[in-house]
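Undergrad: Would you mind keeping the following structure in view while I ask a few things?
Quick note: the coordinates plus some simple rules give every number you see, no bench work behind them. What you are looking at is a predicted structure, and each value in this text was computed from that prediction instead of being measured. When we count neighbours, we look across all protein chains shown, and the Cβ atoms used for this are built from the backbone with ideal geometry, even at glycine.
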Amino acid sequence: MPGAPYIFSPLTTRRIMLQVIIALLPLVAVALAAFGLRALVLVTTAVAGCVTFEYLGARFLLHRPAAASDLSAVVTGLLLALWLPAGFPLWMVLLGCFFAVIVVKTAFGGIGCNLFNPALAALVFLFLSFPGETSACLQPHWFDFFSDNAQKCTPVLEKLKYLSWENLNTSPESYNLAGLPDFGQMLKGTTCGNLGNITFLAVLPGLIWLLAQRIISWQIPFYYLMTFFILVLVHWLINGTLQNDIFIHFFSGSLWLGAVFMATDYTTSPMSARGKIIFASGCGILTGLIRLYGIYPDGVPFAILLMNAFVPLLDKICTPRIYGTPRR
Amino acid sequence: MNTILTGVLFFSGLALTVTVILHIAAQKTASGQKNTGRPAGTNKIRLDDDFPDYRPRVQNKTQKRKKSPSRKRFSLSGSLHFNSLVSEIPLLEAGLPEYVYIPLKLPHINALPRLTVKKGDKVRAGSLLAQNKKYPEADIYASVSGKITGIENISDAFGAEIPAVIIKVEKDDFEPSIDLSPDIIREIPYSEKEIISKIRHSGIFSLAGAESMENVFTGGQKISRLIINGIDAEPFPGIRENLLCKKAEQIIIGAKILNKAFGIQNALIAINRKRPDILKLVSGLTRRYVGVNTRSCPAYYPSGQKNLLITAITGREISAGRRPENYGFMVLNAEVALAVYEAVLKNKPLCEHFITINKNGKSTSFCTRLGTPVDFLLKKLSLSPENGKIILGNVLTGREVLNSKAPLTGQDSKILYLVPSEQISGPCIRCGKCLEACPLHLQPYAIASALQSHDQDRLKQLHAADCIECGACAFVCPARIPLLSLCRQSKTEFKNN
């Protein structure tokens with residue numbers, strides 16, 4: 001490598017991925033504690049699958065075997081597993097890994113060249129191909145590692161979609177009537193959900209870690225959550241029913257997981273601060289619109305994927321003013 | 001439970017919304033004032049491109065009011081902050097080498113001098129070696145006393161051939177006209193013309209940054225503000241802060257002399273904000289000198305760069321392709337101010353300069369004669385060029401020395417000895433760290449990709465030619481893409497087209 005500089009910041013691609021993995025560990029721990037062996041099998045399969053496909057892709061498609069050593073496949077595998085329900089068929093997981101790593105990432109030229117977030121694209125692929133399996137969530141059976149009588153259940157947001165009780169107000173009786181959890185249950189993680197979204201609390205350590213290590217910038221999570229919150233709030237203020245209940249929308253589903261880990265993916269988010277703000281606000285608005293008016297219960301994957309498509313444009317138009325050029 | 005929580009969320013949401021609305025409203029009123037509160041056409045004055053030369057602004061009330069809207073300032077944050085910015089380093093006398101090699105042409109000065117000595121002549125430190133009667137800026141002085149053993153082409157640190165005078169050192173003495181006493185002379189008994197002539201006849205134009213004075217003295221460019229750069233905001237400390245500690249008064253007097261030469265009264269000494277000790281020392285001394293003041297400036301890399309220093313102090317930006325002198329600013333390094341003091345009040349032409357050698361993060365500064373070979377200083381620290389790399393210049397931008405016998409010139413101020421770590425560059429992961437690091441808000445990643453596709457229009461659009469080559473982007477790049485060399489290449493690509 002030619003010339004200067006001769007010293008470098010300690011942050012390398014590999015190290016960034018390692019930090020993201022560390023930030024994901026609390027989520028994995030919660031998933032293991034809540035779903036036991038099923039979660040372990042799912043996570044290992046997804047990670048192993050992604051790493052294998054990454055190596056094969058780098059070796060035989062990109063002819064750059066070193067490209068597989070940057071740990072990004074581990075992150076993809078972990079994220080994919082966290083968005084799937086426990087007990088998801090393993091061959092489908094492997095199919096998802098193939099789609100994420102080979103079709104979405106390697107086919108576009110490897111890390112840094114993909115237009116869409118690999119894990120999210122694979123998730124949506126699985127979601128559209130196997131709608132039954134992807135929404136077949138299990139009730140968490142905390143600290144019962146080998147539990148074999150896990151009950152099937154319906155995720156909170158899906159329940160909201162099925163409700164047509166427009167005239168219900170947000171009183172505790174209505175919650176019980178609709179079978180919805182209250183805030184305490186959501187914190188404790190006894191609600192129905194995927195590996196990664198049974199409690200939003202598990203995301204917080206990762207968020208703090210990534211912000212403290214300066215891996216992600218605060219703009220994307222903040223503006224994502226804020227625009228979403230404001231949108232639902234306005235909706236609720238105009239017509240307050242159980243279906244647009246702010247607190248259920250804000251703390252359930254994969255909103256936090258998406259805002260912290262998916263929308264902040266380097267390759268598929270804008271680089272400039274202003275671009276990030278527009279991107280995150282778009283994600284928040286789209287998530288809100290899909291949840292309130294669309295047919296999908298959890299709009300996060302679709303919202304982020306849609307905004308991913310705008311990233312090249314945002315990178316082009318949202319550039320800061322260059323020093324010494326006229327003020328705009 | 002839920003009712004309370006929903007209430008809390010509701011109010012916090014309401015507060016957020018109100019904040020956002022207020023923020024937008026505040027922005028709108030501010031921009032409205034910007035458009036309506038000024039007389040028509042004054043907007044143009046703020047555009048640097050429509051402002052060919054510095055003219056003092058018309059001092060009326062409306063103009064004064066809009067002069068510094070702090071919100072409009074260029075954001076200087078986001079650049080690199082190094083912990084090692086604050087440290088004391090020893091300053092030693094390097095002593096005399098066996099031979100010195102004095103190049104016969106000064107960089108950045110176009111005029112060529114004519115030799116006044118020949119092989120075999122005896123010279124004394126401070127005497128003329130080559131002279132240009134019309135442009136004394138180009139004059140070359142001997143930095144040691146001894147015998148000229150040859151006038152021939154030697155190879156410089158990077159392997160290029162340059163003509164040089166080789167002097168064998170014999171004695172440690174100076175021209176008799178030079179005042180060698182350590183006393184500080186505080187009176188300036190010369191007129192403006194005499195000062196200018198003394199500075200021009202002192203050889204200090206070989207120091208880095210001093211060449212900007214040339215146009216002012218010969219072309220009659222008007223200077224309205226003098227800034228003495230005392231900031232070493234680089235990963236490994238340099239000499240300026242050290243000099244400010246040890247020779248503060250001489251530097252202040254040098255600034256005062258320069259004030260007189262430019263006919264102004266407002267020299268500013270820029271001091272690292274992280275060094276309150278220096279600020280206290282220097283501002284205590286400046287109280288005795290009218291027309292010299294101190295200013296503490298943010299120390300991030302590369303805040304020691306001329307244009308950025310001006311922006312940090314005055315808020316003005318220097319457009320690409322223009323020099324600070326076009327705007328009436330003169331930025332000179334602290335070592336130049338010291339050399340001016342010695343040239344004017346001690347009659348001493350530039351013989352010595354300061355070199356900081358850094359090894360494994362530990363720095364030592366030397367006061368050495370001009371033309372000292374690199375390896376003489378390396379031997380002083382018992383470093384051998386075989387084991388590691390010798391780098392001339394800043395650790396982020398410097399170049400590797402190919403010929404360690406080459407002489408050091410006034411342009412050099414840092415030598416770095418290191419064993420480079422092997423870095424493997426990977427593909428860009430579009431993390432945007434180079435955007436955050438660039439002090440000019442350029443997009444290094446986009447410049448690199450435009451260069452690889454040889455897209456001239458895109459390079460122009462990205463202002464690739466504005467790059468100041470500070471190396472911050474390459475330092476932070478997690479994929480270890482050689483962004484600095486790519487940005488340099490894109491600049492040469494511009495020149496070729």
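Undergrad: Straight-line reach only, C-alpha to C-alpha below 18 angstrom: list the aspartates and glutamates that residue B:105 could link to, leaving out same-chain residues fewer than 8 apart.
TA: B:137, B:139, B:152, B:156, B:161, B:211, B:214, B:352, B:412
Undergrad: Rounded to whole Hz and in sequence order, give me ³J(HN,Hα) for the range A:137-150 from the Karplus expression 6.51 cos²θ - 1.76 cosθ + 1.60, θ = phi - 60°, writing x for Gly and Pro.
TA: With coefficients 6.51, -1.76 and 1.60, one gets 7, 10, 6, x, 10, 4, 6, 10, 4, 9, 4, 10, 10, 5 Hz.
Undergrad: So how tilted is helix A:273-293 from the main axis of chain A? Cα-based, degrees 0 to 90, rounded to 10.
TA: Compared with the principal axis, the helix lies near 30 degrees.
Undergrad: Size of the dipole of the protein assembly as shown about the Cα centre, Lys and Arg at +1 and Asp and Glu at -1 on the beta carbon, nothing else charged, in debye to 20?
TA: Using only the charged Cβ atoms, the result is roughly 2780 debye.
Undergrad: For the range A:13-134, what are the per-bin percents of Cα-Cα distances with bins 10 Å wide, up to the bin holding the maximum?
TA: It works out to 15, 47, 32, 6, 0, in whole percents.
Undergrad: Within 13 Å, Cβ to Cβ, of residue A:33, how many net charges do the neighbouring residues add up to if Lys/Arg are +1 and Asp/Glu are -1?
TA: Within the 13 Å Cβ shell, the charges total +1.
Undergrad: Could you compute the net charge surrounding residue B:114? Neighbours are other residues with a C-beta less than 11 Å from the C-beta of residue B:114; K and R count +1, D and E count -1.
TA: Here the charged neighbours net out to +1.
Undergrad: As an exercise, identify the GluC sites (Glu not before Pro) in the range B:347-410 lying in DSSP coil whose Cβ has no more than 13 other Cβ atoms within 10 Å.
TA: B:386
Undergrad: Applying the Karplus parametrisation 6.51 cos²θ - 1.76 cosθ + 1.60 with θ = phi - 60° to the phi angles of the range B:208-218, what ³J(HN,Hα) value in whole Hz is obtained for each residue in order, glycine and proline being reported as x?
TA: Whole-Hz 3J(HN,Hα) from phi for the range B:208-218: 4, x, 6, 5, 5, 6, 4, 4, 5, 6, 8.
Undergrad: Ignore the peptide's own chain and count Cβ atoms of other chains within 10 Å of each Cβ in B:430-439; give me the average, rounded.
TA: Other-chain Cβ atoms within 10 Å of each residue's Cβ, averaged: 6.
Undergrad: Now, a different point. If we count other beta carbons within 10 Å of each Cβ, what is the order of B:295, B:186, fewest first?
TA: Arranged by neighbour count, lowest to highest, B:295, B:186 become B:186, B:295.
Undergrad: May I pose another question? Which of the peptides A:77-83, B:447-453 is most tightly packed, and how do the rest follow, going by the mean number of other Cβ atoms within 10 Å of each residue?
TA: Per-residue Cβ counts within 10 Å, averaged per peptide and sorted highest first, yield A:77-83, B:447-453.
Undergrad: Just grab the label-to-label distance for residue B:455 and residue B:384, each label 7 Å out from Cα along the Cβ direction, in nm (one decimal).
TA: It is 5.1 nm.
Undergrad: Another question, if that's okay. Could you name the aspartates and glutamates whose alpha carbon sits less than 17 Å from that of residue B:256, not counting residues in the same chain fewer than 8 places away?
TA: B:187, B:192, B:194, B:335, B:342
Undergrad: Based on the Cα coordinates of the range A:1-54, what is the per residue volume of their convex hull in Å³?
TA: 73 Å³
Undergrad: Hey, fewest Cβ within 10 Å first, where do B:143, A:281, B:191, B:155 land in order?
TA: On the way: B:143 27, A:281 20, B:191 10, B:155 14.
Result, fewest neighbours first: B:191, B:155, A:281, B:143.
Undergrad: A follow-up question, please. What is the packing order of peptides A:202-211, B:102-111, taking the mean over residues of other C-beta atoms within 10 Å and listing the highest first? Walk me through the intermediate numbers first.
TA: Values: A:202-211: 19.0, B:102-111: 17.5.
Put in order of decreasing packing, that is A:202-211, B:102-111.
Undergrad: Give, as a single signed number, the net charge of other residues whose beta carbon lies under 10 Å from the beta carbon of residue B:263, with Lys and Arg counted +1 and Asp and Glu -1.
TA: Values: positive: B:222, B:260; negative: B:192.
Around residue B:263, the charge tally is +1.
Undergrad: Between residue B:105 and residue B:289, what is 0.36 nm times their sequence separation minus the Cα-Cα distance? Round to one decimal in nm.
TA: That works out to 62.6 nm of additional length.
Undergrad: Which aspartates and glutamates have a Cα less than 19 Å from the Cα of residue B:491, not counting those fewer than 8 places away in the same chain?
TA: B:455, B:457, B:466, B:469
Undergrad: How many nm is it between the label spots at residue A:92 and residue A:310, if each spot is 7 Å from the Cα in line with the beta carbon?
TA: 3.1 nm
Undergrad: Now, a different point. Please list, by residue number, every one of the trypsin sites (Lys or Arg not before Pro) in the range B:412-451 that is coil in DSSP and has at most 15 other beta-carbon atoms within 10 Å.
TA: none
Undergrad: Can you compute the FRET efficiency between residue A:274 and residue B:323 using 1/(1 + (r/R0)^6), with r the Cβ-Cβ distance and R0 = 41 Å? Round to the nearest 0.05.
TA: The calculated FRET efficiency here is 0.85.
Undergrad: Moving on to the next point. Where a ≥ b ≥ c are the square roots of the eigenvalues of the C-alpha gyration tensor, would you call chain A rounded, which needs a/c under 1.5, or, failing that, prolate if a/b is larger than b/c, or oblate?
TA: Oblate shape, in that a/c is at least 1.5 and b/c is the bigger or equal ratio.
Undergrad: Quick one: grab the alpha carbon gyration tensor of the range B:192-345, order the square roots of its eigenvalues as a ≥ b ≥ c, and give me rounded if a/c is under 1.5, else prolate or oblate depending on whether a/b is larger than b/c.
TA: oblate
Undergrad: What does DSSP give for the protein assembly as shown in terms of the percent of beta bridges that are antiparallel, rounded to the nearest 5? Each step should come with its number before you reach the end.
TA: Details: 40 of 63 bridges.
Roughly 65 percent of the DSSP beta bridges within the protein assembly as shown come out antiparallel.
Undergrad: Can you sort A:295, A:285, B:251, A:220 so the residue with the fewest Cβ neighbours within 10 Å comes first?
TA: A:295, A:285, A:220, B:251
Undergrad: Okay, moving on. With an 8 Å Cα cut-off and a minimum separation of 6 or more residues, compute the relative contact order for chain A in percent.
TA: Computed value for chain A: 18 percent relative contact order.
Undergrad: Report, in whole Å, the centroid distance computed from the Cα atoms of the range B:170-191 and the range A:11-42.
TA: Between the Cα centre of the range B:170-191 and that of the range A:11-42, the gap is 71 Å.
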